[in-house]
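Visitor: One structure follows; several queries about it will come next.
The values are calculated or read from the model by the stated rules, or taken from the named source; none is laboratory data. The model shown is predicted, which means the values in this text are computed figures rather than measured ones. No Cβ is skipped: glycine too gets one built from the backbone with ideal geometry, and neighbour counts run over all protein chains shown. Each accessible area value is taken on the protein alone, full model and side chains, heavy atoms only, with ligands, DNA and RNA left out. Shrake-Rupley method; radii C 1.70, N 1.55, O 1.52, S 1.80 Å.
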Amino acid sequence: MRKPKSYYIETYGCQMNFSDSELVEGLLAGGGMRPAPSPDKAELVLVNTCGVREHAEQRVFGRLGALKTIKSGADFMLLGVIGCMAQRLGGKILEQAPWVDLVAGPDAYRALPQMLDELAGGNAVQLAQLELDGKETYEDLRPRRADPISAWVPVTRGCDNFCSYCIVPYVRGRERSVDADTVERWVRREVEGGAREIVLLGQNVNSYHDGDTDFAALLRRLDKVEGLGWLRFVTSHPRDLSDRIIEALAQCPTLCEHLHLPVQSGSDAVLGRMNRGYTRNYYLERVRALRQAVPGISLTTDILVGFPGESEEDFSRSVALMEEVRFDYAYTFRYSPRPGTRAGGWDDSVTDAEKGRRLEQVIALQLLHTRGALEAMTGRVIEAIPVREARSGDGKLQARTRSHFNVFLSADKSTVGKLLKVRITGNTGMNLYGELAE
Ligand code: 5AD
Ligand code: SF4
């Protein structure tokens, strides 16, 4: 066996995982490997996995089956599984998919080059030390960025919240913050490299802290970086959304008028069992404070249906909360028990059919609310950044708005990456149409 010369990374899951893939790419490319355009042209294929729902893991096993066929048709190909599912299942992946050559969790990416050396030296399948390191932030690595306009900058890794349904604290370990000087250096480097938009990432960015620098202070510091267009951050935990952060949102010109604020449920009983650390009223109060400080702020959320013991009454509280807030968008999920989590041991009492019905109901409701939010924007002039030619092939550009919607507009390709003023002319129910306003 020899060392692979090219790589291809396939990524599932959240933005943190996509950002991690960029770090791993940086590591591999820095070691002299080149990116391949597709798995069948790569000598190393890595699948960066998510473990948040069972369905996500089943998809990966399906994908590993397809990659087995590619591997058996190739002269030389190594296959690796990385990410949250690699951390959760470790050696079990090798039992179920013995054609996999290496497994490494989110804290073990630095070991990848050495693992490849070991494989090249004829050593057997490589299973990274799956002990979570607890300190790793990869802050000295340089990601290989795919998107020229928008750059992810991880500011925290791991999670200490232990929501009772969630696998993340077990597969990504304890929360740690990247020091503020390093974050600022990263942001400056990305802005100098041409990024217009910076997205700060973490499982719960609001609890960021480095000495005296809390998240609000970090935002104010980054807001001053010269040349920065837009600044946003995901994901916020409602419990840690302080008045200071809301003030920063209101006062920092680069901070976009958009916040992703997962509520999960509108029932206090369910929120309590989820260990979310806030009540329905507290959440609604935060929404009021946000809307008062930043009029017109776009709010998106996550809604989880079918949590153990979620009664019809509990569910109707979630629906009523959605009606009350009228989110601009909601990511909706059906509960999936995760072994090892607290709720994983509880009676998964809501039937599949019932979960499906509840999910459909919240999806339909959200579609209405999203359409309403888009319609209310007709005629307004907003800031947008074209990111690429639209896939529709009608010559339009696809742009992103500060409120995080897509807007399709007729404009010259040379405007890609530029901050534009756009007048909204209509919508598709999910995306906007617009024209250049000046
Ligand atoms: N089942 C279903 N959805 C889940 N999420 C987290 N854990 C689970 C689970 N066990 C959802 C939450 C979270 C989002 C990233 O995924 O809504 O906010
Ligand atoms: Fe992201 Fe959580 Fe999935 Fe890991 S398990 S990829 S942290 S959503």
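Visitor: For segment 98-140, which positions are in a helix (DSSP H, G or I), touching a Leu at 6+ places or on another chain (Cβ under 9 Å) and open to solvent by 70 Å² or more (accessible area, probe 1.4 Å)?
Guide: Correct list: Arg110 only.
Visitor: Let me ask you something else. Picking from Gly356, Gly277, which residue would you name as being at pLDDT 95 or above, outside any helix (DSSP H, G or I) and of a type outside the set (Phe, Trp, Tyr)? Full working, then the answer.
Guide: On the way: Gly356 fails: outside any helix (DSSP H, G or I).
It is Gly277.
Visitor: Quick check: is even one residue across segment 380-395 part of a loop (DSSP other than H, G, I, E, B) and at pLDDT 95 or above?
Guide: Initial filter on segment 380-395 (part of a loop (DSSP other than H, G, I, E, B)): 380, 390-395.
Retained after the next criterion (residues that are at pLDDT 95 or above): 380.
Checking segment 380-395: at least one residue is part of a loop (DSSP other than H, G, I, E, B) and at pLDDT 95 or above.
Visitor: Also, I was wondering about something else. Among the residues of segment 335-353 satisfying the criterion of being part of a helix (DSSP H, G or I) and over 25 Å from the mean Cα position of the chain (by Cα), which is surrounded by the most Cβ atoms within 10 Å (Cβ to Cβ)? Before the answer, list the steps.
Guide: Residues of segment 335-353 part of a helix (DSSP H, G or I): 343-345, 352-353.
Narrowing the set further to residues that are over 25 Å from the mean Cα position of the chain (by Cα) leaves 345, 352-353.
On the way: Gly345: 12, Asp352: 10, Ala353: 8.
Within segment 335-353, the match that is surrounded by the most Cβ atoms within 10 Å (Cβ to Cβ) is Gly345.
Visitor: Does at least one position in segment 278-285 carry a residue that is of a type outside the set (A, V, I, L, M, F, W, C) and within 16 Å of ligand 2 (Cβ to nearest atom)?
Guide: Residues of segment 278-285 of a type outside the set (A, V, I, L, M, F, W, C): 278-283, 285.
If we keep only those that are within 16 Å of ligand 2 (Cβ to nearest atom) too, we end up with none.
No, that holds for no residue.
Visitor: Something else about it: Among the residues of segment 309-334, count how many are in a loop (DSSP other than H, G, I, E, B) and open to solvent by 10 Å² or more (accessible area, probe 1.4 Å). Break it down into steps so the answer makes sense when it comes.
Guide: The initial filter retains those residues of segment 309-334 that are in a loop (DSSP other than H, G, I, E, B), namely 309-311, 326-328.
Keeping just the survivors that are open to solvent by 10 Å² or more (accessible area, probe 1.4 Å) gives 309, 311, 326, 328.
Residues that pass the stated criteria total 4.
Visitor: Is it the case that Arg157 is at pLDDT 95 or above and open to solvent by 10 Å² or more (accessible area, probe 1.4 Å)? Steps first, answer last, please.
Guide: Details: at pLDDT 95 or above: yes; open to solvent by 10 Å² or more (accessible area, probe 1.4 Å): no.
The answer is no for Arg157.
Visitor: Would you mind stating whether Arg400 is of a type in the set (Lys, Arg) and in a strand (DSSP E or B)?
Guide: yes
Visitor: Which condition from (1) within 24 Å of the chain's Cα centre (by Cα); (2) in contact (Cβ under 8 Å) with a residue 12 or more places away in the chain; (3) more than 30 Å from Val270 (Cα to Cα) is the one that Asp140 breaks?
Guide: Just one mismatch for Asp140, condition (2).
Visitor: Here's a follow-up. Among (1) part of a loop (DSSP other than H, G, I, E, B); (2) surrounded by 15 or more Cβ atoms within 10 Å (Cβ to Cβ); (3) within 16 Å of ligand 2 (Cβ to nearest atom), which single condition is Pro143 missing?
Guide: Among (1) part of a loop (DSSP other than H, G, I, E, B); (2) surrounded by 15 or more Cβ atoms within 10 Å (Cβ to Cβ); (3) within 16 Å of ligand 2 (Cβ to nearest atom), Pro143 violates only (3).
Visitor: From the list Gly372, Gly356, Gly344, pick out the single residue that is of a type outside the set (Val, Ile, Thr) and within 16 Å of ligand 2 (Cβ to nearest atom). Please lay out each step first, then the result.
Guide: Numbers: Gly372 fails: within 16 Å of ligand 2 (Cβ to nearest atom); Gly356 fails: within 16 Å of ligand 2 (Cβ to nearest atom).
Step by step, each of Gly372, Gly356, Gly344 is checked, and only Gly344 is of a type outside the set (Val, Ile, Thr) and within 16 Å of ligand 2 (Cβ to nearest atom).
Every residue, every condition in (1) within 20 Å of Pro143 (Cα to Cα); (2) of a type in the set (Gly, Ala, Ser); (3) open to solvent by less than 20 Å² (accessible area, probe 1.4 Å); (4) not in a helix (DSSP H, G or I), yes or no:
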position: Gln203; (1), (2), (3), (4): yes, no, no, yes
position: Glu226; (1), (2), (3), (4): no, no, no, yes
position: Phe233; (1), (2), (3), (4): yes, no, yes, yes
position: Ile245; (1), (2), (3), (4): no, no, yes, no
position: Val270; (1), (2), (3), (4): no, no, yes, no
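Visitor: Looking at segment 403-414, which of the residues that are at pLDDT below 95 and of a type outside the set (A, V, I, L, M) is surrounded by the fewest Cβ atoms within 10 Å (Cβ to Cβ)?
Guide: Ser414
Visitor: OK, next. Just one of (1) within 23 Å of the chain's Cα centre (by Cα); (2) touching a residue at least 12 places away in the same chain (Cβ under 8 Å) trips up Asp40, so point out which.
Guide: Among (1) within 23 Å of the chain's Cα centre (by Cα); (2) touching a residue at least 12 places away in the same chain (Cβ under 8 Å), Asp40 violates only (1).
Visitor: Another question, then. Could you list, ordered by first residue, the pairs with Cβ atoms under 8 Å in which the first is in segment 319-341 and over 18 Å from Thr300 (Cβ atoms) and of a type in the set (S, T, N, Q) and the second is more than 8 Å from ligand 1 (Cβ to nearest atom) and open to solvent by less than 10 Å² (accessible area, probe 1.4 Å), at least 6 apart or interchain?
Guide: That search, which allows pairs on different chains as well, returns Thr341/Ser164.
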